[in-house]
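Student: Please see the structure below; I have some questions.
Just so you know, all these numbers are worked out from the coordinates, no wet-lab data involved. Being a predicted model, the structure only gives us computed values, none of them experimental. Using ideal geometry, Cβ is built from the backbone for each residue, glycine included, and neighbour counts are taken over all protein chains shown.
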Amino acid sequence: MDKVPVKYFKHMTGSTGILEIRVEVGSDIYRVFSFFDKGKLIILLNGFQNKSQKTPKNELELAEKLKKQYFDEKDK
């Protein structure tokens, strides 16, 4: 992660290790939440298109829920 610019891959403040991947396609920007499992495997969660700088709270809450679900199912 140290070699990827923050413009494209950044930690979400106030989260439990959720990272945001930004993808630009033309003038559109798409965001995908993700996290690392044991530092090597990146798990992609939910994605959305956002026209403003502010991240929607419900999207981050969904990412946290999906991350918890991932580990709950993995630990079974």
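Student: Find all pairs meeting these conditions: Cβ atoms under 6 angstrom apart; at least six residues apart or on different chains; first residue within the range 11-32 and in contact (Cβ under 8 Å) with a residue 12 or more places away in the chain and within 11 Å of GLY47 (Cβ to Cβ); second residue in a strand (DSSP E or B) and polar (S, T, N, Q).
Tutor: Once the first residue is in contact (Cβ under 8 Å) with a residue 12 or more places away in the chain and within 11 Å of GLY47 (Cβ to Cβ) and sits in the range 11-32, its partners that are in a strand (DSSP E or B) and polar (S, T, N, Q) give ILE21/SER34; TYR30/GLN49.
Student: From the residues in the range 1-51 that are among the polar types (S, T, N, Q) and surrounded by 14 or more Cβ atoms within 10 Å (Cβ to Cβ), which one is nearest to PHE71 (Cα to Cα)? Even if it seems obvious, please write down each step before you answer.
Tutor: First, the residues of the range 1-51 that are among the polar types (S, T, N, Q): 13, 15-16, 27, 34, 46, 49-50.
In the following step, the residues that additionally are surrounded by 14 or more Cβ atoms within 10 Å (Cβ to Cβ) were identified as 15, 34, 46, 50.
Working: SER15: 16, SER34: 13, ASN46: 16, ASN50: 27 Å.
The selected residue is SER34.
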